[in-house]
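Trainee: Let me give you the structure first, and then I'll get to my questions.
The values are calculated or read from the model by the stated rules, or taken from the named source; none is laboratory data. As the structure is a computational prediction, the values presented were derived from the model and not from experiment. Heads up, the Cβs are rebuilt from the backbone with ideal geometry, glycines too, and the neighbour counts pull from every protein chain shown.
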2 protein chains.
Amino acid sequence: MRIALLGGTGDIGEGLALRWAYHTDHEVIIGSRDPEKARAKAEEYETELSSRGRDVKVNGFTNEMAADRASVVVLAVPPYHVADTIEAVADSLDEGDILVTPATGIKRDDDGFHYHPPKAGSVTALVTEAAPEDIPIVGAFHNLAAGRLADLDAELGVDTLLVADDPDAKETVRLLAEGIDGLRALDGGGLANAAEIEALTPLLINVANNNEGLNDLGVRFQ
Amino acid sequence: MRIALLGGTGDIGEGLALRWAYHTDHEVIIGSRDPEKARAKAEEYETELSSRGRDVKVNGFTNEMAADRASVVVLAVPPYHVADTIEAVADSLDEGDILVTPATGIKRDDDGFHYHPPKAGSVTALVTEAAPEDIPIVGAFHNLAAGRLADLDAELGVDTLLVADDPDAKETVRLLAEGIDGLRALDGGGLANAAEIEALTPLLINVANNNEGLNDLGVRFQ
């Protein structure tokens, strides 16, 4: 399967790109507003993978071209770029494509990090509003520490929660997620349940910041 | 230490009462608006503990009398009874006492369970508004499945997050929490970080409801 990581030069995009290219046979495509940056990062990922004996091609393109080439399109961009990124790639999305959203809204104050959703109620809801109607949305990968994901030496042993209203799209993303070693994908229900999942991310940062020895935290439901 | 569980006849109260009485030497006191109910439940807990070779006294009182006798007072009541319970026991709280709040606001709709905080922003914030100024508040035990907690055969192996602005009170409750076998207490920061912790509870219920084989879920940060 071809997976496009829009904003794939950023931290969560890097982690997902490396993990899928390393652990699976899916073809990973890096998208960016700046195609030069996408190509440079894609080469970096190739070098990293090659140093681990994994010689695979990772291509970099504009977000539009990356979305056009892939059947699963991951919006690995900050929440304030979600709407304009979708607008930019809307014409590149075909029937059968799936849009995946891992972004969450976070603000920081003196007390720590807090969930700060957009007016739509959650970033996932914002994506649903902005996306073409016939493209199914799957929320996933919200609660993964980017640094740990991008470090192929780091064991994961954590869960990711999926929300979607389209069961087939959810199943496709579940299989993609479980293709990553040490990642367990659990069903979080429909898109309307996204806010509580997104809110877990600032909590993970607070817990890591307040407890010695806990860094790059993930979560395990047990 | 003497711990009063106000609303200690309810499900989370039962779990905490049994665990503390079983795993520690703290004296557990059950409070209820109805002292007869408190006494009847306290006797039930004694019988359960005695059947496991643990012969300890558990007393039941009105919430006021339970709070008066204890130095740690746990508000194990539903969120809509938090304010009136605090009002009822305010005169029974002395300097040095600690008020612990495990409650969270949850609503259910067709999609599942959602975080539904009171106007104060979180149940913890509501407690802070309602409590006497000189009594430190600690948020804890929000994310524990009551049924699993009350089943002394069930291993926990999960975390609870503490929030407080008073470090001594937080440390006291941390030690109480870690006295329970299989429970790890982590620092969630100040009281202002409570909402994200409370929001984790409806998420745990959604995940349990949507995934076969996962019941009475807790969470482990790792």
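So that you can scan it fast, the table gives a plain yes or no per residue for (1) aliphatic (A, V, I, L, M); (2) within 22 Å of B:G213 (Cα to Cα); (3) touching a residue at least 40 places away in the same chain (Cβ under 8 Å):
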{"residue": "A:Y115", "(1), (2), (3)": "no, no, yes"}
{"residue": "A:S122", "(1), (2), (3)": "no, no, yes"}
{"residue": "A:A125", "(1), (2), (3)": "yes, no, yes"}
{"residue": "A:V138", "(1), (2), (3)": "yes, no, yes"}
{"residue": "A:R148", "(1), (2), (3)": "no, no, yes"}
{"residue": "A:E171", "(1), (2), (3)": "no, yes, no"}
{"residue": "A:P202", "(1), (2), (3)": "no, no, yes"}
{"residue": "A:V207", "(1), (2), (3)": "yes, no, no"}
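Trainee: Looking at A:L217, A:L204 in this structure, which one is within 28 Å of B:H116 (Cβ to Cβ) and part of a loop (DSSP other than H, G, I, E, B)?
Mentor: A:L217
This table checks each residue for (1) free of Cβ contacts under 8 Å to residues at least 12 places away in the same chain; (2) buried (at least 20 other Cβ atoms within 10 Å of the Cβ).
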| residue | (1), (2) |
| --- | --- |
| B:L18 | no, yes |
| B:H23 | no, no |
| B:E27 | no, no |
| B:E43 | no, no |
| B:G53 | yes, no |
| B:N63 | no, yes |
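Trainee: Right, something else. Please tell me if A:V219 is touching a Gly at 6+ places or on another chain (Cβ under 8 Å), at the interface with another protein chain (Cβ under 10 Å from one of its Cβ atoms), buried (at least 19 other Cβ atoms within 10 Å of the Cβ) and modelled with pLDDT of 95 or more.
Mentor: no
Trainee: What residue, among those in the range B:138-163 that are assigned to a strand (DSSP E or B) and closer than 13 Å to B:N193 by Cα, is farthest from the other protein chains (Cβ to nearest Cβ)?
Mentor: B:V138
Trainee: Let me ask another. Cβ-Cβ under 7 Å, sequence separation 6+ or interchain: first residue in the range A:79-104 and more than 15 Å from A:A66 (Cα to Cα), partner surrounded by fewer than 24 Cβ atoms within 10 Å (Cβ to Cβ) and of a type in the set (D, E, K, R). Which pairs?
Mentor: Listed pairs, sorted by first residue: A:E95/A:D134.
Trainee: For the range A:164-194, what are the residues that are in a strand (DSSP E or B) and within 9 Å of another protein chain (Cβ to nearest Cβ)?
Mentor: A:L186, A:D187
Trainee: Restricting to the range B:152-161, and then to whatever is in contact (Cβ under 8 Å) with a residue 12 or more places away in the chain and among the acidic types (D, E), can you tell me which residue is farthest from B:Y22 (Cα to Cα)?
Mentor: Among residues in the range B:152-161 that are in contact (Cβ under 8 Å) with a residue 12 or more places away in the chain and among the acidic types (D, E), the one farthest from B:Y22 (Cα to Cα) is B:D159.
Trainee: Oh, and also: If a residue counts only when it is more than 18 Å from the chain's Cα centre (by Cα) and not acidic (D, E), which strands (runs of 3 or more DSSP E) contained entirely in the range B:1-119 have at least 1 such residues?
Mentor: Answer list for the range B:1-119: B:106-109, B:112-115.
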